[in-house]
Amino acid sequence: PPHSLPEDAVPAWHHPNSRAYLQGRGLTKEEAERYDLVYCEAGYWQHRILIPMYDGTGALTAFQGRTIDPVYPGPDRYLTSGPRPLYFPVPLPEGADSLCLVEGPFDAFALVRAGIPAAATLGTKVSPRQVAEIKQLIAWRTLRRLYIWYDRDADGQRDMFALQLQLNPFFLATALCVPHVKDPGECSVED
């Protein structure tokens, strides 16, 4: 696991390029600070907003970098340093009876903003470790509803239903298909 974020990382809200991207995704300065989002202008993580992930003790365990370079959306739009955990932007509220699993952090940010407990799987290819984390979460909590909402593209839909099939022997998971939006990150609080 990484021990720290890159030295050249700056708070994402303070850089004009990353601030414009965050505003375009509906994030506020307060959210950028709450999620500890940073931006790298050069080096390996060039033109990426980094989303740090911490364990229960506050130690950095992983981070994911999302490119904001319009010239390079490519297949490596997201890069992850460290293991890919389930990413909870905020801790699951005590007594929460539902959870929505989404692909990426920005999707989770949008749902949390709407008051919906969410976690990101950091891509559509869910690892056996992440499936074990989900099963453990179900066993330890009083979750009654688990939703999976991935992007509407072919890969997202295929992988969403594959995850649903993996989980259904243990818990009835519901795959969500919302026709008027590409992904949860495009939703407004009203949706």
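The values are calculated or read from the model by the stated rules, or taken from the named source; none is laboratory data. The structure displayed is predicted, hence computed values, not measured ones. Using ideal geometry, Cβ is built from the backbone for each residue, glycine included, and neighbour counts are taken over all protein chains shown. These accessible areas exclude ligands, DNA and RNA; they are computed on the full protein's heavy atoms, side chains included. Shrake-Rupley method; radii C 1.70, N 1.55, O 1.52, S 1.80 Å.
Were the residues from Asn168 through Ala59 laid out at 0.36 nm apart, the gain over their Cα-Cα distance would be 36.0 nm. Working from Cα pairs under 8 Å separated by at least six residues, relative contact order for segment 104-186 is 37 percent.
Report the per residue volume, in Å³, of the convex hull enclosing the C-alpha atoms of the chain.
123 Å³
Here, segment 95-144 has an Rg and a Dmax of 11.1, 29 Å when only alpha carbons are counted.
Calculation over all alpha carbon pairs of segment 121-165 in 5 angstrom steps from 0 returns a P(r) of 5, 21, 29, 24, 15, 5, 1 percent.
For the chain, what is the mean residue ellipticity at 222 nm derived from helices alone (per DSSP H run of n ≥ 4: -39500 (n - 2.57); sum divided by total residues; nearest 500 deg cm²/dmol)?
That comes out to -8000 deg cm²/dmol.
Between beta-carbons, use under 10 Å as the cut-off and find the net charge around Thr28, counting Lys and Arg +1, Asp and Glu -1.
0
Leaving out same-chain residues fewer than 8 places away, which lysines sit with a Cα under 24 Å from that of Lys135? Counting by Cα, and skipping residues close in sequence, Lys135 has these lysines nearby: Lys125. Dimensions of segment 101-188 from C-alpha coordinates, computed as largest minus smallest value along each principal axis and given longest first, are 32, 28, 19 Å. The angle separating the long axis of helix 128-140 from the principal Cα axis of greatest extent in the chain is about 60 degrees. Straight-line cross-link reach from Lys29 at under 30 Å between alpha-carbon atoms covers these lysines, not counting any fewer than eight positions away in the same chain: Lys182.
Pop out the carbon and sulfur fraction of the accessible area of segment 104-163 as a percent, whole number, probe 1.4 Å. The partial results should precede the final answer.
Working: 1560 of 2640 Å².
Here carbon and sulfur together make up 59 percent of the probe-accessible area.
For the chain, the longest piece that avoids every one of the GluC sites (Glu not before Pro) found in DSSP loops with at most 13 other C-beta atoms within 10 Å covers 95-189. Between Ala96 and Cys177, the simple spin-label model (points 7 angstrom out along Cα→Cβ) gives 2.6 nm.
Students often get this wrong: which residues of segment 110-127 have the backbone nitrogen under 18 Å from the point 7 angstrom along Cα-to-C-beta of Ala139? So the set is 127. Summed over the residues of the chain and divided among them, the accessible surface reaches 51 Å² per residue at a probe radius of 1.4 Å.
So if R0 is 22 Å, what FRET efficiency would Gln23 and His3 give, r being the distance between their Cβ atoms, rounded to the nearest 0.05? Result of the calculation: an efficiency of 0.10.
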